[in-house]
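A.B. asks: Below is one structure. I have some questions about it.
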Amino acid sequence: MAQGIYQGKEFNGRQIGQIRKGLKHRLDVSTYADPKFNWVQMREIRKGLKHRLDVSAYADPKSDDLQRREIRKGLKHRLDVSAYADPKFDDLQRREIRKGLKHRLDVSAYADPKFDDLQMRQIRKGLNRQLDVSTYADPKFSGMQMWEIRKKLVGEARRATMLEFETLRSQ
């Protein structure tokens with residue numbers, strides 16, 4: 001079996017190692033046993049196959065390694081990776097979108113290439129705290145400015161909660 005996989009193809013040692021690991025785990029290595037995939041790409045596809053993921057979303061030699069990793073992580077958690085599979089996003093932006101999806105947040109507020117990863121993080125953290133992020137979800141604000149606005153909103157929310165608690169307690 002392994003003979004047919006390698007025959008007539010030029011693989012380096014690391015690629016062969018990934019193919020062997022796949023065969024050892026009884027995976028269908030035909031998905032990645034192609035010299036056009038580097039060994040890192042092969043590893044990500046193999047890991048996806050091992051977890052019985054639909055690797056077709058990232059079994060493309062043109063996609064970069066970090067993009068492939070974020071897509072695999074999303075698929076592993078059964079997330080809709082179409083929200084960040086777009087090549088317009090870099091790996092850090094994809095990570096922020098994946099984290100939002102993992103926490104069941106409405107990522108449409110920041111899944112836009114106009115936002116960098118730092119801006120996305122502040123919007124995601126605001127959504128996670130159920131803040132009205134519309135006050136700062138604007139690419140004109142830097143990540144640091146968004147952080148300052150978010151912290152102010154968190155403080156206001158705490159004060160409102162304390163006031164509500166005091167009102168209930170005094171009744």
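A.B. asks: Give Gly155, Gly100 a once-over and let me know the one that is outside any loop (DSSP other than H, G, I, E, B) and touching a helix residue (DSSP H, G or I) at 6+ places or on another chain (Cβ under 6 Å).
C.D. replies: The conditions single out Gly100.
A.B. asks: Looking at Leu49, Leu53 in this structure, which one is touching a Leu at 6+ places or on another chain (Cβ under 8 Å) and either outside any helix (DSSP H, G or I) or in the same structural domain as Gly100 (by TED's automatic domain parsing) (or both)?
C.D. replies: Checking each option against the conditions leaves just Leu53.
A.B. asks: Of the residues Gln93, Gln119, only one is farther than 23 Å from Val55 by Cβ, in a helix (DSSP H, G or I), modelled with pLDDT of 95 or more and in contact with a helix residue (DSSP H, G or I) (Cβ under 6 Å, 6 or more places away or on another chain); which?
C.D. replies: It is Gln119.
A.B. asks: Any chance the stretch 28-40 includes a residue that's more than 28 Å from Asp116 (Cβ to Cβ), of a type in the set (A, V, I, L, M), buried (at least 20 other Cβ atoms within 10 Å of the Cβ) and not assigned by TED's automatic domain parsing to the domain that holds Asp112?
C.D. replies: yes
A.B. asks: Filter the stretch 56-85 down to residues that are in contact with a helix residue (DSSP H, G or I) (Cβ under 9 Å, 6 or more places away or on another chain) and assigned to a loop (DSSP other than H, G, I, E, B), then give me how many there are.
C.D. replies: Of the residues in the stretch 56-85, 11 are in contact with a helix residue (DSSP H, G or I) (Cβ under 9 Å, 6 or more places away or on another chain) and assigned to a loop (DSSP other than H, G, I, E, B).
A.B. asks: Can you say whether Lys88 is surrounded by 14 or more Cβ atoms within 10 Å (Cβ to Cβ), more than 17 Å from Gln18 (Cβ to Cβ) and basic (Lys, Arg), as far as the supplied structure shows?
C.D. replies: no
The values are calculated or read from the model by the stated rules, or taken from the named source; none is laboratory data. Quantities reported herein were computed from a predicted structural model and do not represent experimental measurements. For neighbour counting, all protein chains shown are included, and Cβ atoms are generated from backbone atoms with ideal geometry for every residue, glycine included.
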